[in-house]
Amino acid sequence: MPSAMRPPAGEKRLAWFGLGVAMAVSATWLLLIGGDLTFHGDEVFYYANLVTKEGVTSQSYGLEYLFAPHNGHLVLLGRLAYEALFAVAGTDYGVFRAVEILGVLACSGLFFVLAIRRTSPLVALALSILLAFFGYANETLMWPFDLHTVYSAALGLGAILALERDDRKGDIAGCVLLALSVLMLEVGLAFVVGVAVLVLLRPDRRRRLWIFLVPLALYAIWWLWARQFDQSDVLFTNIRLVPSELVNALAAVVGCLLGLNPTGAEARPEVVGVTPAATVAAGFGLAGLVYRVRRGAVPPTLWAFLATAIAYWLTMAAGGRPPDSTRYVFVGAVLVLLVAVDALRGVRFGWKATAAFFLVVALAIPANVAKLYDGRGPEIDVSRITGSEYAMLDLARGRDVDPGFVPAHDPEVEAAGGALFVPLAAGDYFDAVDRNGSLGMPLSEVRGGDPKYGTIADATLAGALQLKLTRAPAPKGSASCPAISDATASNIAYFDLERGGTVLGNRGEDPVTVALSRFGPGAPGTPIGELDPGEWAELRIPPDAAPDPWRAVVNGPVSVCPLP
């Protein structure tokens, strides 16, 4: 910024102070609202050291595990980060979330540093505050697995900052940061494109090509090696998506920045939507950019930021990713704002214009906060399903659980609502518990929580223990056994079972369905079999560490005898 345009030192200090306060508030808020979250989704692959090769998922270790693609992506540094966090914090999810939040705030801070060199400190502050509370990117702000995205972006922004030193040390630092960005996630490739534009626009381009060619070569070598895993989801047929992808991506980001995209019960929590108002606003922004370019004297970094944004959205188009997903709008927002502040470089903003920026941010933040809470509910739901299922695997461990048992593949667990997006077999889970710690919810929370999760827990435990009725002869003295006589199809009966199990006999003239319930009070239970009239069956239940009794649920009269 020319000396005549330099802001007063007091304004810069005020902006830095405001940024620090905003970051502290954002970090505290994000940590508090995510206190009920736990590992789920793709994180399970890292927790259990799973790799998918040619369609088969299995455990892997060593260099193959670290370098293996995940959904086609190079995630070396992400895997190393998770390995380090597991080693230090076990399964304390708060630590993982804190690291993710630091990445989000790093992006906001690096944006501020870049923006303050191009516009007034207070305008840079207003836009940085918006990024710190960018709730439309709810997955990015709440799910630690997206540390790949935010740290890849932060390293890319750091590379551009290093290159602005315009010296040998800056070039070396920029190349290293760019390589690290690529090793974290392919978001780094978008920054490689941006840096390439920055370098190629310089008169000394030939002697500086290595800055972006080295990271590009590293990725190319990895990509050739990783083809053996057959994971790539990049299709040339997706080229047809490029025009609409770019338009929708820009409209989605602009709508989020202005708080124009829908929130609430009618909005899908995992997407931000593309609204007509946001599309019109994006059109005005694009027209303004064209006007700025036609005026001439365009700074090279404007082309670099623009190229980075386009390259980022093109990678999504190539992979068939939805441009309005909450996972992808954060990086897009950072890049769109960088294009905007670079296009406005050198423009003086009076107090009224500066106040207008803060007003726009103040109006946008409530919608962003609402969108974050829209995504929080489903995230908590999935976390509690995860915690319920794995708590039961913990309880069943050591009792001949089939290593191949997958709770989410059990029909009864699925019927109870417990089918996870990324399931984990019992054997893989037990191995991971020994390395990293348990993912199970405390039993006190299973008991005292929503009956839905207790029902999922019951179905999981019954499936893991393979609880079922085994046909047996009537026990001696069965005539003197207690009886449940008043149970009917419309008036089911519950009764506690003796520890270890029982023998049941059908006393009626119709078949009797037998179900089990333990942590889901008031629930219909998990069906384990049916008794024909006059038929007897044994139900053996291995004892475990929990004091909670099993309850049988029947829809007809039965005799209840002790096991022989």
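From the list Val360, Val331, Val341, exactly one residue is over 30 Å from Ile541 (Cβ atoms) and surrounded by fewer than 17 Cβ atoms within 10 Å (Cβ to Cβ). Which is it?
Details: Val331 fails: surrounded by fewer than 17 Cβ atoms within 10 Å (Cβ to Cβ); Val341 fails: surrounded by fewer than 17 Cβ atoms within 10 Å (Cβ to Cβ).
Among Val360, Val331, Val341, only Val360 is over 30 Å from Ile541 (Cβ atoms) and surrounded by fewer than 17 Cβ atoms within 10 Å (Cβ to Cβ).
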Neighbours by Cβ (under 7 Å, 6+ apart or cross-chain): first from the range 83-110, in contact (Cβ under 8 Å) with a residue 24 or more places away in the chain; second assigned to a helix (DSSP H, G or I) and among the polar types (S, T, N, Q) | Phe86/Asn436; Gly90/Asn436; Thr91/Asn436; Val104/Thr140; Leu105/Ser26; Ser108/Ser128
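Would you pick out the residues in the range 275-313 that are outside any helix (DSSP H, G or I) and under 34 Å from the mean Cα position of the chain (by Cα)? Spell out the reasoning first.
Step one: list which residues in the range 275-313 are outside any helix (DSSP H, G or I), which gives 275, 295-299.
Within the range 275-313, just Thr275 meets the criteria.
Matching residues to (1) part of a helix (DSSP H, G or I); (2) of a type in the set (A, V, I, L, M); (3) assigned by TED's automatic domain parsing to the domain that holds Ala277:
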residue	(1), (2), (3)
Leu359	yes, yes, yes
Leu363	yes, yes, yes
Pro366	yes, no, yes
Lys371	yes, no, yes
Ile385	yes, yes, no
Glu389	yes, no, no
Asp394	yes, no, no
Gly398	no, no, no
Asp402	no, no, no
Please specify each residue of the range 80-107 satisfying the condition of being under 17 Å from Phe191 (Cβ atoms) and of a type in the set (Gly, Ala, Ser).
-> Gly103, Ala106
Residue, modelled with the lowest pLDDT, within the range 243-271, restricted to residues that are among the small types (Gly, Ala, Ser) and assigned to a loop (DSSP other than H, G, I, E, B) | Ala265
Arg435 vs. criteria under 24 Å from the mean Cα position of the chain (by Cα) and either more than 19 Å from Arg540 (Cα to Cα) or in contact (Cβ under 8 Å) with a residue 40 or more places away in the chain (or both) = yes
Gly255: passes all of (1) of a type outside the set (A, V, I, L, M, F, W, C); (2) within 29 Å of Leu200 (Cα to Cα); (3) crowded, with 23+ Cβ neighbours inside 10 Å but (2)
What are the residues in the range 514-539 that are without any contact (Cβ under 8 Å) to a residue 60 or more places away in the chain and in contact with a Leu (Cβ under 8 Å, 6 or more places away or on another chain), if any?
-> Val514, Leu516
Thr28 fails exactly one of (1) hydroxyl-bearing (Ser, Thr, Tyr); (2) within 21 Å of Leu102 (Cβ to Cβ); (3) in contact (Cβ under 8 Å) with a residue 60 or more places away in the chain, namely (3)
Can you find even one residue in the range 248-259 that is over 23 Å from Phe357 (Cα atoms) and either in contact (Cβ under 8 Å) with a residue 24 or more places away in the chain or among the aliphatic types (A, V, I, L, M) (or both)?
-> yes
Where Pro203 falls short, out of the listed (1) over 28 Å from the mean Cα position of the chain (by Cα); (2) part of a helix (DSSP H, G or I) = (2)
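The values are calculated or read from the model by the stated rules, or taken from the named source; none is laboratory data. The shown structure was predicted, so the numbers you read here are calculated from the model rather than taken from an experiment. Here the Cβ is made from the backbone with ideal geometry for all residues, glycine too, and neighbour counts use every protein chain on show.
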